[in-house]
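Notes follow once the structure below has been shown.
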Amino acid sequence: MGVTSVRRQHAERTRRSGSGQGGAGQRAPGDVIDMPLAVRGASTGFTVLLLGSLTHPLVAAWTPALSQLWLPLVALVAFVVAARRVGRARIPIVHGAVAAMSSYLLMLPLVLLGPAGGDPAQIALTVAASLITGAAVGFLQGSRR
């Protein structure tokens with residue numbers, strides 16, 4: 001099978017699926033999020049969460065007043081960082097929410113190993129915060145395109 005026949009088969013599949021209708025900028029129906037960017041964002045958000053959690057004891061030793069706000073602040077920054085690139089996502093709000101929540105889901109096993117890690121209310125509130133923050137950042141980034 002040559003390269004030309006593979007290209008013809010791909011063009012035929014594209015025509016049959018309907019993704020080629022409506023111009024060259026049309027995306028396939030399943031591309032609600034830009035998966036490579038969502039995974040990259042989740043990885044970066046996870047790194048921010050991990051480094052922020054590891055630096056919490058240092059912050060607590062230096063400034064006890066900031067210690068109470070440190071982890072929520074780090075989580076907020078991590079969710080913004082995770083959701084900031086929407087790329088070619090068709091629905092940026094969903095893309096941002098998925099990227100931010102995925103960063104927390106990567107961190108969740110480490111949270112569960114901690115002393116207060118099994119608190120369902122804390123987990124639910126953090127998931128809700130990641131979804132809201134990610135959706136808001138996705139909306140803002142999507143409106144800038």
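Ranked from largest, the principal axis spans of the Cα set of region 52-129 equal 45, 25, 16 Å.
Sequence-ordered 3J(HN,Hα) estimates for region 90-95 from the Karplus curve with 6.51, -1.76 and 1.60 and θ = phi - 60° stand at 6, 10, x, 5, 5, 4 Hz, glycine and proline given as x. Here the simple spin-label model places points 7 Å from the Cα toward Cβ, and for Val39 and Ile91 these points are separated by 2.2 nm.
How much FRET efficiency would the formula 1/(1 + (r/R0)^6) give for Ala60 and Leu112, where r is the Cβ-Cβ distance and R0 is 25 Å, rounded to 0.05? Spell out each step's value before the answer.
Numbers: r = 21 Å, r/R0 = 0.85.
That gives a FRET efficiency of 0.70.
Note on Leu51 and Ile132: the model spin-label points, each 7 Å out from Cα along the C-beta direction, lie 2.7 nm apart.
FYI, it's all coordinate maths here, none of it is from the lab. What you see is a predicted model; the values in this text were computed from it and never measured. In this analysis, Cβ positions are derived from the backbone assuming ideal geometry, glycine residues included, and neighbour counts consider all displayed protein chains.
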